[in-house]
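Following: one structure in structure tokens, then a few remarks.
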Amino acid sequence: MGYPIEGIYRGISSSDSFLPGGEVSAAAFQFKINCNRLDNLEECSINWADDERSLVNIAKQKSNKAGDLVKQFKFGACSICLDRLDELKNKYPTIFSYERAPVYESVDGNEQNPYHGNLLINLSSSDIPKVTKRHISSVLAFITEKVMIREDLDSLIAAL
Amino acid sequence: MYSFALATEGGSYTDSSQTPYINIALVNTKSSSDELTDCWYKKFENAIRSLSYGLGRTTNGNDRNAQLFSPVLPSNELVIDSAVSFIQALPISNQKRIALLLLEKIHHAIFSNDSFRENVPFAQIAATKMDDGTLLLEWAYKYGRVNFFIDDKADESCAIFLMESLDTKIPVVYEFHINEFSIDSLAGKATAFVSRFA
């Protein structure tokens, strides 16, 4: 399956991911090690914008906080279109990539997520991994297009 | 070891007829890290706050609407206060010291230049602690960003400036190393960079 030209949605779970005027912060794109990966790539979880249900999936996602299921993306979501991601990929060909990683299990009351994927960085191929990671986080934040606040996501759910 | 000395000059911060001016100097002393006390930080942070309060004033003493510089945000003072408060709450560290120095240097450069502050929309500013412990200071403009990623290990800190490109879909990126001795030149670079958005 290919990738949609609409690109990706990134859910925002922390208020730190927005600047005071509503711009997306570089802190919204933090890459983390996933111990289940065998390839040592670091991940930043996203949903592919295959259709309108992708954003609804983000709107409905919950996380388990001390036994309570709460909205995972309490502060909204943002989007980046595919051509921008591809240009970033061309700039850092051995470092930045993306993938589909559908979730087939229902965890914590969440539905399966066929839209799920990851932005990836391979820091083993960088001479200065920490700086490279910051480059990419900064660029991703800068190239975000639409920003949806939590109320926008709630409206999507209400309209179902 | 190196520590920082704070000097003030140019009049009282409460005097509305003058732009506040504070000067931070790097001095080579043999003082121990114990001397970097809360008291030092409080004094420094109060100086920065005073600088931000000076924003809304002109040299002839008239109050000026802070929104003049910020079409998006209700009050620059509040925004700066928010970043300062965030940094203030951090434990004493190299990270905190460098962040405060950067904040003061850049804002002094901005506010002491009439042409600059009247022509460049004031940025959204944020201070954030990232998951790996990095302190992120961000100045966001419509056509660019100035990001400082400050580690407690100074040699891993870096500044990343981004500017929108007409030729590509991703911004042009400039990167600079941060250390205690490069703060003056880095603040100068950041100010010059942002002035290109005017």
Identify the residue in the range B:131-156 that is in contact with a Phe, Trp or Tyr (Cβ under 6 Å, 6 or more places away or on another chain) and not in a strand (DSSP E or B) and, among all such residues, is surrounded by the fewest Cβ atoms within 10 Å (Cβ to Cβ).
B:Tyr143
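Those residues that are part of a helix (DSSP H, G or I) and more than 29 Å from B:Asp167 (Cα to Cα), I need them from the range A:115-128; list them, please.
Kept after step one, since they are part of a helix (DSSP H, G or I), are these residues of the range A:115-128: A:123-125.
The one that is part of a helix (DSSP H, G or I) and more than 29 Å from B:Asp167 (Cα to Cα): A:Ser124.
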Using the structure shown, decide if A:Ile5 is in contact with a Cys (Cβ under 7 Å, 6 or more places away or on another chain), aliphatic (A, V, I, L, M), surrounded by fewer than 16 Cβ atoms within 10 Å (Cβ to Cβ) and within 14 Å of chain B (Cβ to nearest Cβ).
yes
Quick check on my filter: what residues within the range A:135-160 are open to solvent by 10 Å² or more (accessible area, probe 1.4 Å) and within 12 Å of chain B (Cβ to nearest Cβ)?
A:His135, A:Phe142, A:Thr144, A:Glu145
B:Ala89 passes all but one of the listed conditions (1) over 16 Å from the mean Cα position of the chain (by Cα); (2) closer than 19 Å to B:Ile178 by Cβ; (3) at pLDDT 80 or above; the exception is number (2)
Filtering the range A:21-49 down to residues that are within 9 Å of chain B (Cβ to nearest Cβ), open to solvent by less than 40 Å² (accessible area, probe 1.4 Å) and in a loop (DSSP other than H, G, I, E, B) yields A:Gly21, A:Gly22, A:Ser25, A:Gln30
Flag for A:Ser126 being within 14 Å of another protein chain (Cβ to nearest Cβ), farther than 18 Å from A:Ile46 by Cβ and small (Gly, Ala, Ser):
yes
Return yes when A:Thr132 is among the polar types (S, T, N, Q), part of a loop (DSSP other than H, G, I, E, B) and either open to solvent by less than 30 Å² (accessible area, probe 1.4 Å) or more than 14 Å from chain B (Cβ to nearest Cβ) (or both) and no when it is not.
no
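Quick check: anything in the range A:10-20 more than 29 Å from B:Leu137 (Cβ to Cβ), buried (at least 16 other Cβ atoms within 10 Å of the Cβ) and more than 14 Å from chain B (Cβ to nearest Cβ)? Reasoning before the result, please.
Here is the first cut: in the range A:10-20, the ones more than 29 Å from B:Leu137 (Cβ to Cβ) are none.
Scanning the range A:10-20, I find no residue that is more than 29 Å from B:Leu137 (Cβ to Cβ), buried (at least 16 other Cβ atoms within 10 Å of the Cβ) and more than 14 Å from chain B (Cβ to nearest Cβ), so the answer is no.
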Taking into account only those residues within the range B:157-191 that are hydroxyl-bearing (Ser, Thr, Tyr) and part of a loop (DSSP other than H, G, I, E, B), which is farthest from the chain's Cα centre (by Cα)?
B:Thr168
Please list, ordered by residue number, the strands (runs of 3 or more DSSP E) wholly in the range A:65-114 having 1 or more residues that are more than 17 Å from A:His135 (Cβ to Cβ), open to solvent by 60 Å² or more (accessible area, probe 1.4 Å) and in contact (Cβ under 8 Å) with a residue 12 or more places away in the chain.
A:68-71
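The values are calculated or read from the model by the stated rules, or taken from the named source; none is laboratory data. What you are looking at is a predicted structure, and each value in this text was computed from that prediction instead of being measured. Here Cβ is always computed from backbone atoms with ideal geometry, including for glycine, and neighbour counts include all displayed protein chains. Quick note on the areas: whole protein, heavy atoms, side chains included, nothing else; ligands and nucleic acids left out. Shrake-Rupley method; radii C 1.70, N 1.55, O 1.52, S 1.80 Å.
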